[in-house]
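Here is the structure we will look at, set down as structure tokens.
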Amino acid sequence: MGKKVHITVLIAFVLCSFSTDHSSLTQIKDTRSSVKALYLYTFATLIDWPQDYRKGDFVIGVFGAQEGVLMELQKKYQGKSIGSQGIQIKKFTSTSEINNPHILYVTEDRSSQIASLSTKLKASSTLLVSEKEGDLDKGSVINFILDGSKQSYEIDKGNAKKHKLIIADKLSALAMRVTE
Amino acid sequence: MAFLAGTNLFAQPITAKAYECYQAQDWPCAKKWIDSAIISDERNNTQTWQLRGVIYRRLETAETKDFRNIAIESLVQARNLDTDNQFKDKIDELLYNTIIRYYNDAVTYLEGSELLESEQSYHVYKEKYRKYLQSGNDFTQTDVDYFNALASRYMGESELLESGSKKDELLEKAIALFAHVIDLDSTNWQANFNSGIIYYNRGADLAMHADPLLFAENIEELDKLLNRSVELFREALPYLHTAERLDPNSIPVMEGLTGCYYGLNDNAHYEQYQKLLDEHQIDDHLRKQLEKPNDIELLRNILRIYSSTIPNEEQYLKYKAIYDKLNSNE
């Protein structure tokens, strides 16, 4: 029976070597940045800009600390197109650098500057996207909010109109909140 | 062939001939004579059938897999004829060593990623073991080990594919197999952990690999996708929490839970597990930073830790200086 035990132990050893815990699969993935970047791109496809914004590059700017969203935008969307316009991703480190991008995503840490940015950009057709409760009241057009566990957004159509932006009905339909 | 020692084979001349050929390792000759023996008067002798079992075992190849069945049937017949149990232990050992070949095949097929064949072999092994060796044998632990290994292989195969229905199919199979293990042993860490990780990775992959071009015309699909991603993170949690209870210091479990809660936008739990993870890993990060001083991603992580979960201004400034210098060099 010694041979029998030996065979069983050998097989158990071999099976154990197959039974890995796949710990390499558990590296934390930055799903939030992917989702926000995906939304920003989707906003770009479902909003109409005035005629004079439909030539040259389509600029998506990031103002604030969200390295993850910036990296995701650069990795997946830099060089893609919105209509006939190539997408360009820009990082802004000061308000003076901001020069009428099509979309300006302002991260939570810069939320206190939404009102001043809204004023600075009042004559432009920049889609101001924020991510803090109450930022629509300060002038942003779209604000990222949570719908339970899921990332969602709210829209202020009045602010959109001020910037001559036309928001597709289907984008409004899926928003958690729409204010006029 | 110990069982033939001391036996007078003169009364079984055909079996004796087969035995001679066997000893000379002349297998076709041994087969010819033993097949003749079982259709002669010698067919009522247990040793004739034992020898047939041994010869057919020896003759088995990849092309003649049916010889294994013939070997088993021969040994069973030998046992039936061994009415005084003189050769019981020997025959049982021979039967065991023949039937275990199905288990060996199952393991070999696993190694070769022939997973359906592996599972089939494993089931045949159990069926024959119960039929010919021990009908009430408890296979629970063997099942746990085998199905964990099989499920892990399905997981491994799925990792070779980026996305698509084939990948989903492999993961569904892995989930089902891990579920079977959990049914057998609800405290099995590996099955719980791996189930949780599969759900987590599927949720994360949905969010991270979505094709943005699909949603311009169909934003409702984006909403469905995000809902599904959240569902998958939620499905992962019970498994990961069970794994956590079984091994509270497991880093991979902490990573899984951190990832799930991050994906669920549950900051309270995310920060709780991120802090735990950081406390366990900070020394490792610092050691790696010395080995890889140009690793910017690692430095970012260290800065994150010292500015949030393990606040330490002195350490933060130290590594910030290194980070800024690296950044300015790039």
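The values are calculated or read from the model by the stated rules, or taken from the named source; none is laboratory data. What you are looking at is a predicted structure, and each value in this text was computed from that prediction instead of being measured. Positions of Cβ are backbone-derived with ideal geometry, glycine not excepted, and every protein chain shown enters the neighbour counts.
Do you know which of the residues in segment B:74-108 that are within 13 Å of another protein chain (Cβ to nearest Cβ) and of a type in the set (Asp, Glu) is farthest from B:TYR125 (Cα to Cα)?
B:ASP89
Quick one: which of A:LYS55, A:LYS36, A:LYS91 is in contact with a strand residue (DSSP E or B) (Cβ under 8 Å, 6 or more places away or on another chain) and assigned to a helix (DSSP H, G or I)?
A:LYS36 is the lone residue from the list that is in contact with a strand residue (DSSP E or B) (Cβ under 8 Å, 6 or more places away or on another chain) and assigned to a helix (DSSP H, G or I).
Taking the options A:THR31, A:THR45, A:THR26, name whichever one is at pLDDT 90 or above, within 12 Å of chain B (Cβ to nearest Cβ) and buried (at least 22 other Cβ atoms within 10 Å of the Cβ).
Going through A:THR31, A:THR45, A:THR26 in turn, the sole match is A:THR31.
Table: residues versus (1) under 20 Å from B:HIS180 (Cα atoms); (2) crowded, with 17+ Cβ neighbours inside 10 Å; (3) at pLDDT below 95; (4) not polar (S, T, N, Q).
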residue	(1), (2), (3), (4)
B:TYR96	no, yes, no, yes
B:ASP105	no, yes, no, yes
B:LEU115	yes, yes, no, yes
B:SER121	yes, yes, no, no
B:ASP143	yes, yes, no, yes
B:PHE147	yes, yes, no, yes
B:MET155	yes, yes, no, yes
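So A:ILE103 fits all but one of (1) out of contact with any Gly (no Cβ under 6 Å at 6 or more places or on another chain); (2) without any contact (Cβ under 8 Å) to a residue 60 or more places away in the chain; what number is the exception?
Unmet for A:ILE103, out of (1) out of contact with any Gly (no Cβ under 6 Å at 6 or more places or on another chain); (2) without any contact (Cβ under 8 Å) to a residue 60 or more places away in the chain: (2).
Quick check on my filter: what residues within segment A:121-131 are within 26 Å of B:VAL230 (Cα to Cα) and away from chain B (no Cβ under 14 Å)?
Correct list: A:VAL129, A:SER130.
Which of the residues that make up segment A:133-172 are among the charged types (D, E, K, R) and either over 14 Å from B:ASP223 (Cβ atoms) or away from chain B (no Cβ under 14 Å) (or both)?
Scanning segment A:133-172 gives A:GLU133, A:ASP135, A:ASP137, A:LYS138, A:GLU154, A:ASP156, A:LYS157, A:LYS161, A:LYS162, A:LYS164, A:ASP169.
If I filter segment B:164-186 for residues that are facing chain A (nearest Cβ under 9 Å), modelled with pLDDT of 95 or more, surrounded by 16 or more Cβ atoms within 10 Å (Cβ to Cβ) and assigned to a helix (DSSP H, G or I), do I get at least one hit?
No, every residue in segment B:164-186 fails to be facing chain A (nearest Cβ under 9 Å), modelled with pLDDT of 95 or more, surrounded by 16 or more Cβ atoms within 10 Å (Cβ to Cβ) and assigned to a helix (DSSP H, G or I).
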